[in-house]
1. Pairs 77/291; 77/177; 87/157; 84/177; 50/286; 157/291: which exceed 27 Å Cα-Cα?
2. Quick one: work out the % antiparallel among DSSP beta bridges in the range 188-339, nearest 5.
3. With each pseudo-label sitting 7 Å past Cα toward Cβ, what's the residue 347-residue 329 distance in nm, one decimal?
4. Cα-based Rg of the chain per 2.2 N^0.38 Å, rounded to two decimals?
5. If you take the Cα Rg of the range 39-108 and divide it by 2.2 N^0.38 Å, with N the number of residues, what do you get?
6. Kindly express, to the nearest 10 degrees and within the range 0 to 90, the angle between helix 172-182's C-alpha long axis and the longest C-alpha principal axis of the chain.
7. Using a Gaussian network model of the chain with C-alpha springs under 10 Å, which one of 316, 36, 272 is most mobile by mean-square fluctuation?
8. Using the charge dipole of the range 101-243 (Lys, Arg: +1 at Cβ; Asp, Glu: -1 at Cβ; taken about the Cα centre), state which of 113, 174, 133 has its Cα farthest towards the positive end.
Amino acid sequence: MSQPSDKALVPFVSVDHMMRLVHRTGLEEVLRGLADYIEADFRRWELFDKTPRVASHSAEGVIELMPTSDGEVYGFKYVNGHPKNMKEGLQTVTAFGLLADVGNGYPVLLSEMTLLTAMRTAATSAMVAKYLAPKGATTMAMIGNGAQSEFQSLAMKAICGIDTVRLWDIDPAATAKCAANLAGQGLRVVPCASAEQAIEGAQILTTCTADKQCATILSDNMVGPGVHINAIGGDCPGKTELAPGILTRAGVFVEYPPQSRIEGEIQQMPQDFPVTEIWEVIAGRKAGRVKPDQITLFDSVGFAIEDFSALRYVRDRIAGTDLFHPLDLLADPDDPRDLFGMVQRAAPER
């Protein structure tokens with residue numbers, strides 16, 4: 001059988017490749033790089049195709065497709081969210097993604113995105129906190145110590161300069177895991193016995209829990225003036241983490257309102273509840289934090305442009321390296337009209 005042509009081969013970044021990229025580059029440097037790419041794409045937000053992610057919900061979880069294009073490159077991510085998986089020894093979230101050339105439709109990158117999604121989510125959180133968190137913030141409360149928690153903590157350290165993280169999870173084993181993983185990473189790590197204890201002295205409050213139901217992680221009386229809330233858990237209809245009273249007292253910032261009103265914390269609020277699109281803050285069109293005692297809230301649900309940015313970063317980083325495998329993904333007959341003949345000529349010799 002003949003060997004596939006160059007046009008048939010698409011760079012594929014496996015989980016192993018992604019881990020090697022992290023170790024070769026350094027996790028904090030990867031997080032900073034991802035944040036830079038995401039910030040750059042938010043500045044050109046208006047160029048992108050935008051649509052709420054296409055979601056297939058079930059009693060067990062959700063499977064979603066997240067597409068976008070800047071007119072030259074198309075990208076999408078497949079991602080699931082199944083909170084029950086943890087009890088079965090499986091990941092709550094898995095993902096893979098693709099970039100393609102808009103001009104001819106040919107894929108130019110296929111990549112794992114389970115690890116990459118965790119990193120781009122953390123990078124987005126910290127990039128947004130640059131604009132919304134109080135100046136001189138040094139301490140973050142990390143409420144929910146699952147698969148996202150270490151990435152969130154290190155992104156806030158690398159990009160926002162925090163030096164202390166206060167941990168709490170309903171499962172003490174999760175907190176112990178997170179604390180052990182963050183040991184020696186340059187952060188002061190404080191395991192806490194309750195959410196109330198975790199937020200003591202913290203200027204940034206990050207909530208990231210996975211149960212697919214409404215659960216008040218932060219009640220209204222827990223949140224004092226001047227803090228920044230980074231709400232990244234939930235992200236599906238019927239799943240929220242914050243008491244509605246917090247939202248009414250806060251300046252609320254979102255990625256894409258049509259998606260956030262379906263899946264975010266603001267699903268609890270009327271459809272005309274005022275929010276600011278974070279890209280407008282980054283582009284200098286609207287204000288972020290306007291006074292020291294303001295409560296700011298990033299109602300993060302994740303948006304396709306962030307995944308597009310992350311895939312762009314990976315595409316650029318792997319160029320000229322051994323951090324991908326050429327995958328025989330596309331049929332490329334000598335005559336584009338003769339796909340059948342290509343199959344016939346490939347019959348094995350007897």
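What follows is calculated from the coordinates using simple rules that are stated; it is not laboratory data. The structure displayed is predicted, hence computed values, not measured ones. All Cβ positions, even for glycine, are placed from backbone atoms using ideal geometry, and neighbour counts span all protein chains on display.
1. Over 27 Å apart, Cα to Cα: 77/291; 77/177; 87/157.
2. 5 percent
3. 3.1 nm
4. 1.05
5. 1.36
6. Tilt of helix 172-182: around 70 degrees.
7. 272
8. Going by the charge dipole, the pick is 133.
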